[in-house]
Amino acid sequence: MTYKTLHTKLFGTNIKISIYHNNPDPILSTCEMLLTYYHKLLSFYDDESIISKINQNAGIKSIQVDDETFKLIQSGKLHSLEEKSNLNICLGPLVKLWDIGFDSAKVPSDGKLNQALKHTDPNNLILDKYTNNVYLSKKGMSINLGAIAKGFIADALLTYLKEQGIISAIIDLGGNILTHGFNLKSPTLNWRIGLQNPLEKRGIHLTTLELNDLSIVTSGVYERKSIVNGNAYHHIINPKTGRPLNTNMLSLSIISKESLNADIYSTMYFGIPFDEIELASKDKGFDAIAIYKGNILRYTKGCRKFRRDEC
Ligand code: AMP
Ligand code: MG
């Protein structure tokens, strides 16, 4: 028995899946197939994806989707409608206007921003739970699941790995980590997860946490950004202004059992005052670590058990 790791690239990010098994190759091949399947299903940029079909038919007709996709969109809509949520899965028109992270990135005019903002109301995303039909009721609307899809996919991969009887694994979808069981290579048996220093190159960590059977997902201004006319713009858009969120927060990491929840909350609470995040964390059962300008760290109380530095 040994660990074997699949390395691949998808969603514009590096992916690593390590599993402990005596015959890991066929299982890792299926993981790769599942990654491709979900990417094709949920991509905003692939014209053939189910998400593109929904978007292409905005104001025209509803599209029937499978159970899993329906539940994902339903959860995305619910969390987009929560008070004080910075998540809105209907920000497709704005994501497209800015194109942050691509060569075509630009700063849109106020007129274009205001026009796009009119097409982002999650109430106009109509879901029929009896038929799994999804309908964007206004032309010009589009959904973008970039803020929640990786968490969903990580959970789906883990479900498959558990079905295969895997007792120890780590799934890393670039800033989106899901651990399963104990790390049999570590003396503490925990998975050590480094928190990226937002101002340094990738792999330079500000601190390290140890955990198992949990997911940790980070939203960060450094994850995807563009320089336009000498100014830096990051990829997390304020649903109210249509511009990149103006905040001292550089990253927000959420620790939670399910990767989908961690992914949802990391975007939903990005840029929200930490005291409010702390309140929400008790209510919803997650932990959070925020890094602010000047490398100031804030932790929810529950993080004590994950920290090896002094608390
Ligand atoms: P995350 O890294 O999980 O916070 O997701 C950010 C990605 O989701 C961006 O790259 C966009 O594709 C999309 N996005 C940007 N701003 C938002 C937002 N406020 N709500 C939902 N999705 C967003
Ligand atoms: Mg997210």
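The values are calculated or read from the model by the stated rules, or taken from the named source; none is laboratory data. Note that this is a predicted model, so its numbers are computed, not measured. All Cβ positions, glycine included, derive from the backbone under ideal geometry; neighbour counts span all protein chains shown.
The figures follow:
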quantity	calculated
Filter result (out of contact with any strand residue (DSSP E or B) (no Cβ under 9 Å at 6 or more places or on another chain) and either within 22 Å of E223 (Cβ to Cβ) or without any contact (Cβ under 8 Å) to a residue 12 or more places away in the chain (or both)) within the range 68-82	K71, L72, S75, L78, H79
Subset of the range 141-164 (residues that are away from ligand 2 (no atom under 14 Å from the Cβ), in contact (Cβ under 8 Å) with a residue 40 or more places away in the chain and over 10 Å from S259 (Cβ atoms))	M141, S142, I143, Y160, L161, Q164
Residue selected from the range 98-116 under the condition outside any loop (DSSP other than H, G, I, E, B) and crowded, with 17+ Cβ neighbours inside 10 Å, by the criterion nearest to the chain's Cα centre (by Cα)	W98
Residue that is farthest from ligand 2 (Cβ to nearest atom), among those in the range 83-97 that are in contact with a strand residue (DSSP E or B) (Cβ under 8 Å, 6 or more places away or on another chain) and not in a loop (DSSP other than H, G, I, E, B)	L94
Residue check, S62 small (G, A, S), more than 26 Å from N183 (Cβ to Cβ), in contact (Cβ under 8 Å) with a residue 24 or more places away in the chain and out of contact with any strand residue (DSSP E or B) (no Cβ under 7 Å at 6 or more places or on another chain)	no
The lone exception for S259 - which of (1) under 16 Å from H79 (Cβ atoms); (2) out of contact with any helix residue (DSSP H, G or I) (no Cβ under 9 Å at 6 or more places or on another chain) it fails	(2)
Residue that is away from ligand 1 (no atom under 16 Å from the Cβ) and either closer than 20 Å to A154 by Cα or buried (at least 19 other Cβ atoms within 10 Å of the Cβ) (or both), where the choices are E223, E210, E200	E210
Count of the range 106-155 residues which are within 16 Å of ligand 1 (Cβ to nearest atom) and either modelled with pLDDT of 95 or more or not hydrophobic (A, V, I, L, M, F, W, C) (or both)	28
I100 vs. criteria at pLDDT 95 or above and of a type in the set (A, V, I, L, M, F, W, C)	no
Selection status of K53, within 17 Å of D121 (Cβ to Cβ) and either of a type in the set (K, R) or touching a strand residue (DSSP E or B) at 6+ places or on another chain (Cβ under 7 Å) (or both)	no
Some residue of the range 204-213 being closer than 23 Å to L72 by Cα, modelled with pLDDT of 95 or more and away from ligand 2 (no atom under 16 Å from the Cβ)	yes
Wholly within the range 190-277, strands (runs of 3 or more DSSP E) carrying at least 3 residues that are within 16 Å of the chain's Cα centre (by Cα)	215-220, 249-256
Residues (within 16 Å of ligand 1 (Cβ to nearest atom), in a strand (DSSP E or B) and either buried (at least 23 other Cβ atoms within 10 Å of the Cβ) or modelled with pLDDT under 95 (or both)) located in the range 156-181	I171, N176, I177, L178
Within the range 27-59, tally of residues that are of a type in the set (D, E) and in contact (Cβ under 8 Å) with a residue 12 or more places away in the chain	1
Any pair with Cβ under 7 angstrom, 6 or more apart, that starts in the range 179-196 at a residue that is touching a residue at least 60 places away in the same chain (Cβ under 8 Å) and ends at one that is of a type in the set (G, A, S) and exposed (fewer than 12 other Cβ atoms within 10 Å of the Cβ)	none
3 or more residues under 17 Å from the mean Cα position of the chain (by Cα), at pLDDT 95 or above and over 20 Å from G174 (Cβ atoms): qualifying helices (runs of 4 or more DSSP H) within the range 1-82	67-81
Tally of residues being acidic (D, E) and either in a helix (DSSP H, G or I) or farther than 20 Å from D263 by Cβ (or both) across the range 279-295	1
